[in-house]
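As structure tokens, the structure follows; a few thoughts come after it.
The values are calculated or read from the model by the stated rules, or taken from the named source; none is laboratory data. Everything quoted here is computed from the prediction, not taken from an experiment. Neighbour counts are summed over all protein chains in view; Cβ atoms, including those assigned to glycine, are modelled from backbone coordinates with ideal geometry.
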Amino acid sequence: MKVTSFKLRAVIATFIFFMPFIANSADLTEEQLDQYVEKAMSVFDIPGIAVGIIKDGDIQHLKGYGVREVGKDAKVDGDTLYAIASNSKAFTAAALAILVDDGVLEWDDKVIDFLPDFRLMDPWVTREFTIRDLLTHRSGMGLGAGDLMFWPSTFVTREEIIHNARYLKMVSGFRTAYAYDNLLYVVAGEVIAAAAGVSYEEFVDSRIMNQLAMGSGCHADITNLSDDNNIAIPHVIVDGGLRRAGRLNEEGEPMVIAAAGGIQCSARAMMNWLNMHLNDGAGLMSKKQHEEMWRPQTIMRISDTDKNWHGTNFTAYGLGFRLKDYHGLKHVSHTGGLLGMVTYIVMIPKEHLGIVVFTNQENGSAMRAIMEIILQTYLDAGDVDWTDRYEEIRNRNIASAASQVAEEGADADEEALLPLTDYMGTFRDPWFGDVTISENKDGLYFTSLRSKKLKGKMTPFKFNTFKVIWDDRSFNADAYAMFSTDFEGKVNGMKMKAISPLTDFSYDFHDLDFSKVAED
């Protein structure tokens with residue numbers, strides 16, 4: 001292992017000249033942008049949005065729209081803090097880039113040299129797994145593998161997350177396929193802590209937020225934040241109405257997945273972050289390491305929409321960022337999503353253009369529509385009403401999902417094959433832990449002992465399969481639970497999958513493989 005201490009370098013923070021909206025050659029007026037945002041908010045039922053645009057080092061637009069919490073008067077502004085979710089990943093990659101510049105580690109150092117207890121299911125992959133591999137979504141594990149350990153609630157430690165990685169099955173060859181994950185960014189955060197000798201949060205706040213003068217508007221350590229701050233509250237739509245959603249962590253508690261998706265930032269602070277990147281890492285890291293962050297690492301499939309809408313010829317993942325060509329220009333971006341909140345950043349390096357769109361409702365259509373409208377105006381890339389386009393896509397997806405669910409349930413008999421008592425007991429998955437199936441006045445009831453918000457009634461569906469209807473209706477993630485039996489007809493296990501194809505991939509029920517625990 002390399003040395004585990006570092007010296008703070010004297011780095012001059014990157015300051016940006018703040019100014020009001022400026023009309024420029026893009027010919028996007030403040031009034032026009034206001035209309036675009038307000039239409040998207042109305043169509044997709046978004047309580048509050050923050051938008052920031054920086055061009056050639058100057059802030060062109062920085063404004064909040066709507067409210068921080070539905071039913072309350074507090075307005076969103078440029079300083080409102082949002083959970084930026086997976087946009088945190090780029091901060092983790094930047095922290096590692098700083099440590100590379102410091103000479104503390106290298107991108108291709110082995111993870112086990114810093115975290116000796118790190119294990120994956122394959123021993124050879126464990127030995128060969130590098131720091132670069134932690135950031136590039138090519139481990140061989142499946143999409144969102146292990147997310148249920150910390151989604152929709154977090155009651156595990158980082159040490160437990162790292163330990164449980166060894167139980168997650170490989171679904172493709174090592175370094176052969178892209179499959180987005182969060183768990184390995186948690187591991188990356190602990191590599192930073194091991195190499196630097198301080199916690200992930202302390203390192204990021206001191207070496208990134210403070211260096212870039214973002215400290216008052218961007219926080220890796222969120223333990224001192226509460227709803228009393230200027231902070232956006234997450235929302236979901238339940239039964240046709242907006243409802244406040246719960247957070248992954250309890251107020252005052254650290255975010256276990258900080259390195260993967262736990263940072264809170266304002267649109268104003270993110271202007272400094274984007275400006276640093278648009279200037280090749282100046283004020284934070286060497287140009288060499290910044291180029292490494294924006295170098296394609298894992299090839300991704302080109303979507304039909306990107307190809308048809310934007311003439312995209314390549315897509316790839318770098319280190320904490322997605323990369324593609326967009327109307328002939330390099331497009332650097334990332335999205336982020338937590339329960340009740342989604343965020344989006346885009347940079348067009350050749351145009352020295354950076355855009356931030358933060359929303360406090362989990363529907364991603366509004367942020368994408370606003371982003372596309374801004375990009376097409378600045379880049380003179382068409383005249384599409386993106387809100388109308390995304391509304392059509394949303395409605396089509398909802399209709400398709402409803403049709404699929406209805407088709408699957410067409411022959412449901414809503415009667416259990418066995419007596420309900422046969423399904424009761426404790427069921428154990430190696431990485432998720434125990435759940436109990438018990439009986440109450442309404443029938444069977446599912447309770448997770450580790451992910452404590454995952455609890456709900458079970459209703460017979462067909463044969464040995466039940467529907468699990470979560471008590472917390474904000475999840476939008478009801479699931480099937482299919483029990484298995486041994487040769488004597490006794491229940492011995494359980495598998496699960498989401499009912500709707502629109503369920504967020506972080507509800508990776510399909511990765512669970514429960515065995516019934518024998519009674520004492």
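The conditions of being surrounded by fewer than 17 Cβ atoms within 10 Å (Cβ to Cβ), small (Gly, Ala, Ser) and at pLDDT 95 or above are met by residue 328. Exactly one condition in (1) of a type in the set (Gly, Ala, Ser); (2) at pLDDT 95 or above; (3) more than 17 Å from residue 322 (Cα to Cα) is not met by residue 246; state its number. Against the list (1) of a type in the set (Gly, Ala, Ser); (2) at pLDDT 95 or above; (3) more than 17 Å from residue 322 (Cα to Cα), residue 246 comes up short only on (2).
The residue of segment 454-498 that is farthest from residue 248 (Cα to Cα), among those that are touching a Phe, Trp or Tyr at 6+ places or on another chain (Cβ under 8 Å) and not in a strand (DSSP E or B), is 464.
Residue 429 meets all of the listed conditions (1) surrounded by 20 or more Cβ atoms within 10 Å (Cβ to Cβ); (2) at pLDDT below 95; (3) outside the structural domain of residue 277 (by TED's automatic domain parsing); (4) not hydrophobic (A, V, I, L, M, F, W, C) but one, namely (2). Here segment 269-327 is the region considered, the condition is being within 14 Å of residue 178 (Cβ to Cβ) and basic (Lys, Arg), and the residue that is nearest to the chain's Cα centre (by Cα) is 322. Filter segment 226-242 for residues that are touching a residue at least 24 places away in the same chain (Cβ under 8 Å) and over 16 Å from residue 69 (Cα atoms) and give the result. Passing the criteria: only 239.
Right, residue 133: in contact (Cβ under 8 Å) with a residue 12 or more places away in the chain, out of contact with any His (no Cβ under 8 Å at 6 or more places or on another chain) and assigned by TED's automatic domain parsing to the domain that holds residue 256 or not? Answer is yes for this residue.
Examine segment 243-265 for a residue that is basic (Lys, Arg) and over 29 Å from residue 395 (Cβ atoms), and state whether such a residue exists. Yes, segment 243-265 has at least one match.
Of the strands (runs of 3 or more DSSP E) lying entirely inside segment 340-441, those carrying at least 3 residues that are under 26 Å from the mean Cα position of the chain (by Cα) are 341-348, 353-359, 433-440. Within segment 115-128, the set of residues being under 15 Å from residue 190 (Cα atoms) and either buried (at least 22 other Cβ atoms within 10 Å of the Cβ) or of a type in the set (D, E, K, R) (or both) comprises 117, 119. Any residue at all in segment 272-293 that's under 30 Å from residue 42 (Cα atoms) and without any contact (Cβ under 8 Å) to a residue 60 or more places away in the chain? The answer is no; no qualifying residue exists. Residues in segment 179-197 that are under 17 Å from the mean Cα position of the chain (by Cα) and part of a helix (DSSP H, G or I): 183, 184, 185, 186, 187, 188, 189. When 377, 387 are checked against the criterion of being on the phi < 0 side of the Ramachandran plot, touching a residue at least 60 places away in the same chain (Cβ under 8 Å), touching a Lys or Arg at 6+ places or on another chain (Cβ under 6 Å) and assigned by TED's automatic domain parsing to the domain that holds residue 238, 387 stands alone in meeting it. The set of residues in segment 104-125 that are within 17 Å of residue 431 (Cα to Cα) and in contact with a Leu (Cβ under 9 Å, 6 or more places away or on another chain) comprises 120, 121.
Here's the yes/no breakdown for (1) touching a His at 6+ places or on another chain (Cβ under 6 Å); (2) hydrophobic (A, V, I, L, M, F, W, C); (3) farther than 22 Å from residue 431 by Cβ:
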{"site": "161", "(1), (2), (3)": "no, yes, no"}
{"site": "167", "(1), (2), (3)": "no, no, no"}
{"site": "187", "(1), (2), (3)": "no, yes, no"}
{"site": "197", "(1), (2), (3)": "no, no, yes"}
{"site": "216", "(1), (2), (3)": "no, no, yes"}
{"site": "222", "(1), (2), (3)": "no, yes, yes"}
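Based on this model, can you work out whether residue 190 counts as among the acidic types (Asp, Glu) and buried (at least 21 other Cβ atoms within 10 Å of the Cβ)? When the stated conditions are applied, residue 190 passes them. Examine segment 91-113 for a residue that is surrounded by 20 or more Cβ atoms within 10 Å (Cβ to Cβ), touching a residue at least 60 places away in the same chain (Cβ under 8 Å), touching a Cys at 6+ places or on another chain (Cβ under 9 Å) and assigned by TED's automatic domain parsing to the domain that holds residue 264, and state whether such a residue exists. Yes, some residue in segment 91-113 is surrounded by 20 or more Cβ atoms within 10 Å (Cβ to Cβ), touching a residue at least 60 places away in the same chain (Cβ under 8 Å), touching a Cys at 6+ places or on another chain (Cβ under 9 Å) and assigned by TED's automatic domain parsing to the domain that holds residue 264. Each residue in segment 312-339 was checked for being aliphatic (A, V, I, L, M) and either assigned to a loop (DSSP other than H, G, I, E, B) or under 15 Å from residue 376 (Cα atoms) (or both), and 3 of them qualify. The number of residues in segment 17-57 being crowded, with 18+ Cβ neighbours inside 10 Å and at pLDDT below 50 comes to 0. Residue 440: at negative phi and surrounded by fewer than 17 Cβ atoms within 10 Å (Cβ to Cβ), yes or no? Spelling it out, residue 440 is indeed at negative phi and surrounded by fewer than 17 Cβ atoms within 10 Å (Cβ to Cβ). For segment 137-156, the candidate set comprises residues that are out of contact with any Leu (no Cβ under 8 Å at 6 or more places or on another chain) and modelled with pLDDT under 95; within that set, the residue that is nearest to residue 293 (Cα to Cα) is 156. Filtering 472, 513, 478, 442 for residues that are more than 18 Å from residue 426 (Cβ to Cβ), of a type in the set (D, E, K, R) and in contact (Cβ under 8 Å) with a residue 60 or more places away in the chain leaves a single hit, 472.
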